[in-house]
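Input: a single structure, listed below in structure tokens.
The values are calculated or read from the model by the stated rules, or taken from the named source; none is laboratory data. Quick caveat, the model's predicted, so the values are computed rather than measured. Note: ideal-geometry Cβ built from the backbone for every residue, glycine included; neighbour counts use all protein chains shown. Surface accessibility is based on the protein's heavy atoms, side chains included, excluding ligands, DNA and RNA. Shrake-Rupley method; radii C 1.70, N 1.55, O 1.52, S 1.80 Å.
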Amino acid sequence: MTTDPADKPRNETEHERLDRQFVELLQGFRVAVTGVQVLFAFLLIVPFSTHYEKVDGVGTALFYIALFGAAFASICFIAPVFHHRILFQLGQKPLLIRRANLFGIIGALALMASMTAATTLVVESVSEEAGWTIATAAFLLALSGYVWFIQPYLTRLKASRPKRPGTT
């Protein structure tokens, strides 16, 4: 029988653990920020495109949700870097990690809204069928909600249950 590496304690001090956790959070934000920046840049040029005047009603609302969602996600994903800079060497690493985690979750929610609205706006603009627009929004919300939030939450619940003797 082999031992799962996750069951082995790390040989690190509390300070080293906090440093590692913070670096891991920032690495995740670097991935997310790149995607948000590309989406945000695209949304910023949309009003200046030749066919934007055709966007009205639902399309306008979707555009604003996408634009402000991307802006809000950018703010959330970038915030931990500035918190770290301002609180540098004040012994606030546990607080920084908690805040970064919260900003990451809120930023992901904003990104989910922005991506869903932007994609739904495109479908709404090219499709004559309202059903495709509704199906797009529902599918993307369900998929990102499950993959980003529900699945890891269920895993967290399972991992936090006490292990019964003799089970793996």
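Within the stretch 131-150, track down each residue that is more than 14 Å from the chain's Cα centre (by Cα) and either among the basic types (Lys, Arg) or surrounded by 11 or more Cβ atoms within 10 Å (Cβ to Cβ) (or both).
Trp132, Thr133, Ile134, Ala135, Thr136, Ala137, Ala138, Phe139, Ala142
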Output yes when any residue across the stretch 106-121 is β-branched (Val, Ile, Thr), within 30 Å of Arg17 (Cα to Cα) and at pLDDT 95 or above, and no when none is. yes
I'd like the residue in the stretch 46-104 that is of a type in the set (D, E, K, R) and exposed (fewer than 13 other Cβ atoms within 10 Å of the Cβ) and, out of all such residues, is nearest to Glu16 (Cα to Cα). Arg98
Based on this model, can you work out whether Gly91 counts as modelled with pLDDT under 90 and out of contact with any strand residue (DSSP E or B) (no Cβ under 9 Å at 6 or more places or on another chain)? yes
Enumerate the pairs (first residue in the stretch 18-44 and in contact (Cβ under 8 Å) with a residue 24 or more places away in the chain and open to solvent by 50 Å² or more (accessible area, probe 1.4 Å); second residue anywhere and in a helix (DSSP H, G or I) and of a type outside the set (S, T, N, Q)) with beta-carbon separation below 7 Å, excluding pairs fewer than 6 apart on the same chain, so at least 6 apart or on different chains. Gln21/Ile97; Phe40/Ala70; Phe40/Ala71
